[in-house]
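A.B. asks: Next up is a structure, given as structure tokens.
The values are calculated or read from the model by the stated rules, or taken from the named source; none is laboratory data. Owing to the predicted nature of the structure, the values given are computational and were not obtained by experimental measurement. All Cβ positions, even for glycine, are placed from backbone atoms using ideal geometry, and neighbour counts span all protein chains on display. Areas reflect the complete protein model, heavy atoms only, side chains present, ligands, DNA and RNA absent. Shrake-Rupley method; radii C 1.70, N 1.55, O 1.52, S 1.80 Å.
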Amino acid sequence: MALTRELIVDAAYAVLDGQGLAGLTMRRVAQELDVRPGALYYHVANKQELLAEVAARILGQGAATDDAHKAARELRDALRRVRDGAEVVSFVLAFRPEGLAPIRALPAAFALPPREAVWAARTLTHYVLGAVAEEQNRAELVRTGILADGPDDVEESFLFGLDAVLAGLRRRVDP
């Protein structure tokens with residue numbers, strides 16, 4: 001089977017889900033594919049580019065919606081499907097903020113001037129990323145035996161915070 005960009009992204013996604021971001025190295029991806037690490041660089045320029053592809057895979061296409069509440073829940077669900085998903089997406093947004101389709105579409109959910117709609121989308125994205133990163137970090141601590149099981153009100157707490165963030169953003173529209 002010929003090595004392709006898609007196979008490399010598939011392998012990276014599998015390594016991420018199995019070992020977390022700390023275990024995701026170019027060497028490990030090459031090992032999964034039974035190739036030399038240098039062979040990967042014909043298809044992806046560097047690890048950052050590979051992480052951007054993995055982040056896009058984590059988020060999928062994302063349905064364009066003008067419902068910010070629904071978009072935030074879908075973003076959370078996508079991030080939670082893969083180990084360290086929030087950390088990967090957060091990293092990619094730091095160096096490629098325009099590059100992830102579901103997040104690029106989020107400003108349309110806010111009835112604000114364009115510049116403020118982008119800020120509102122960032123605010124909402126940061127809330128979701130932070131909440132999921134906390135969930136995933138706690139899950140890792142539980143997995144390694146450092147902590148006992150976490151709180152059972154994670155869903156309720158997330159929705160409370162989401163409603164609070166959106167209520168604040170709505171006040172910008174209707175002061």
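A.B. asks: Could you do me a favour and compute the accessible area per residue for the chain, 1.4 Å probe, result in Å²?
C.D. replies: Counting only protein heavy atoms, the per-residue value for the chain is 58 Å².
A.B. asks: Please name whichever of Gln136, Val154, Gly20 sits farthest to the positive end of the charge dipole of the chain, dipole taken about the Cα centre and charges placed at Cβ: Lys and Arg +1, Asp and Glu -1.
C.D. replies: After comparing all options, I get Gly20.
A.B. asks: Can you tell me the 0 to 90 degree angle between the C-alpha axis of helix 154-173 and the longest principal axis of the chain, rounded to 10?
C.D. replies: Rounded to the nearest ten degrees, it is 60.
A.B. asks: Provide, for q = 0.13, 0.19, 0.29 Å⁻¹, the log10 of I(q)/I(0) from a solvent-free Debye sum over equal Cα point scatterers in segment 81-128.
C.D. replies: -0.30, -0.61, -1.15
A.B. asks: Provide the net charge surrounding Ala109, with neighbours chosen by a C-beta distance below 11 Å and charges set as Lys +1, Arg +1, Asp -1, Glu -1.
C.D. replies: Values: positive: Lys70; negative: Asp66, Asp67.
Once all neighbours under 11 Å are counted, the net charge is -1.
A.B. asks: What is the percent carbon and sulfur in the accessible area of segment 68-153, measuring with a 1.4 Å probe over the protein chains and ignoring ligands?
C.D. replies: Values: 2530 of 4700 Å².
The value for segment 68-153 is 54 percent carbon and sulfur by accessible area.
A.B. asks: A further question on this structure: Let me make sure I get this right: for segment 34-175, a, b and c are the square roots of the gyration tensor eigenvalues over alpha carbons, sorted descending. Under 1.5 in a/c it's rounded, otherwise prolate if a/b > b/c, else oblate. Which is it? Could the numbers behind the result be given before it?
C.D. replies: On the way: a/c = 2.72, a/b = 1.26, b/c = 2.16.
Oblate is the answer for segment 34-175, as a/c is 1.5 or above yet b/c matches or exceeds a/b.
A.B. asks: Can you check what the net charge comes to around Gly161, using other residues whose Cβ is under 14 Å from the Cβ of Gly161 (Lys, Arg +1; Asp, Glu -1)? Kindly include the intermediate steps, with their values, before the conclusion.
C.D. replies: Details: positive: Arg73, Arg76; negative: Glu134, Glu135, Asp153, Glu155, Glu156, Asp163.
Here the charged neighbours net out to -4.
A.B. asks: Another question about this same structure. Which of the three applies to segment 78-158, rounded, prolate or oblate, going by the alpha-carbon gyration tensor with a ≥ b ≥ c and a/c under 1.5 meaning rounded?
C.D. replies: Working: a/c = 3.38, a/b = 1.96, b/c = 1.72.
Prolate, since a/c reaches 1.5 and a/b exceeds b/c.
A.B. asks: OK, next. Averaging sequence separations of C-alpha pairs under 8 Å and six or more residues apart, then dividing by the length of segment 56-106, give the relative contact order as a whole percent. Mind showing how you got there, number by number?
C.D. replies: Values: 38 pairs, mean separation 26.8, N = 51.
Relative CO of segment 56-106 lands at 52 percent.
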